[in-house]
Amino acid sequence: MGSGSIARKELLSSVGLIPDKVEIPNIDESVKPNESPRHYVSRVANLKASAISCDRRSYLITADTTVSVGKRILKKTSDGIKAEKYLRLLSGRRHSVFTAFCIKHNESINLKLVKTVLKMRLLSEEEIRVYIESREWVGCAGAYSIQGRAKCFFPFISGCYSNVVGLPLPSLIRVLSVMGFFKK
């Protein structure tokens with residue numbers, strides 16, 4: 001697995017896929033000028049896959065997830081002021097979560113992009129303050145972790161829940177199957 005994400009590792013483990021090795025790729029994850037959220041996550045997931053060398057028989061999984069409001073990308077943050085701005089922006093609105101994942105096998109890279117649409121309910125000032133104080137948002141795209149306290153923020157989700165966590169498991173399993181991963 002080419003990711004430092006604990007959430008992705010837990011998602012994989014939850015379906016019986018235990019990585020033999022975890023390597024964190026050293027790449028530039030900066031957003032390019034006028035880059036769309038779709039292009040951004042696809043480019044970064046592909047860069048991660050290209051940055052890690054592996055045995056051609058291995059199946060290397062890399063991914064990137066971002067939250068977007070329109071064309072605005074809400075990347076991971078560790079800044080409390082930025083996190084509060086993100087939550088205020090998302091409060092009462094629909095937004096999209098894009099995850100692109102790559103599977104590198106036999107010297108080829110297979111990329112898949114998944115989109116999930118969510119609506120965050122209108123948050124009170126107190127809810128925002130308490131959530132910011134929890135620090136659960138640190139390192140999370142859009143400044144929330146849907147698998148934690150923020151799960152009560154979303155009355156509407158259209159699409160794959162595990163995509164919002166960081167890895168769309170149904171799509172991943174389908175691509176791994178097509179690539180022959182489950183054949184003995």
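List of remarks:
- All helices (runs of 4 or more DSSP H) inside the stretch 117-184 with 1 or more residues being touching a strand residue (DSSP E or B) at 6+ places or on another chain (Cβ under 7 Å) and touching a residue at least 24 places away in the same chain (Cβ under 8 Å): 161-165, 169-178
- Of residues in the stretch 114-126 being surrounded by fewer than 17 Cβ atoms within 10 Å (Cβ to Cβ) and over 10 Å from Phe154 (Cα atoms), the one nearest to the chain's Cα centre (by Cα): Val117
- Those residues of the stretch 127-184 which are more than 30 Å from Ser58 (Cβ to Cβ), touching a His at 6+ places or on another chain (Cβ under 8 Å) and open to solvent by 10 Å² or more (accessible area, probe 1.4 Å), in sequence order: none
- Test: Ile73 is open to solvent by 20 Å² or more (accessible area, probe 1.4 Å), in contact with a Pro (Cβ under 8 Å, 6 or more places away or on another chain) and more than 22 Å from Ile52 (Cα to Cα): yes
- Complete set of residues in the stretch 5-16 that are under 11 Å from Ile61 (Cα atoms) and without any contact (Cβ under 8 Å) to a residue 40 or more places away in the chain: Lys9
- Matching residues in the stretch 76-91 - criterion: being open to solvent by 30 Å² or more (accessible area, probe 1.4 Å) and not polar (S, T, N, Q): Lys76, Asp79, Ile81, Lys82, Glu84, Lys85, Arg88, Leu89
- Subset of the stretch 1-38 that is of a type in the set (Lys, Arg) and under 22 Å from Tyr161 (Cα atoms) - its residue that is surrounded by the fewest Cβ atoms within 10 Å (Cβ to Cβ): Arg38
- Pair list, Cβ under 7 Å, 6 or more apart: the stretch 104-115 residue farther than 13 Å from Ile52 by Cα, other residue surrounded by fewer than 17 Cβ atoms within 10 Å (Cβ to Cβ): Asn106/Arg56; Asn110/Met179; Leu113/Arg38; Lys115/Gly159
The values are calculated or read from the model by the stated rules, or taken from the named source; none is laboratory data. Because the structure is a prediction, the values reported are computed rather than measured. Positions of Cβ are backbone-derived with ideal geometry, glycine not excepted, and every protein chain shown enters the neighbour counts. Surface accessibility is based on the protein's heavy atoms, side chains included, excluding ligands, DNA and RNA. Shrake-Rupley method; radii C 1.70, N 1.55, O 1.52, S 1.80 Å.
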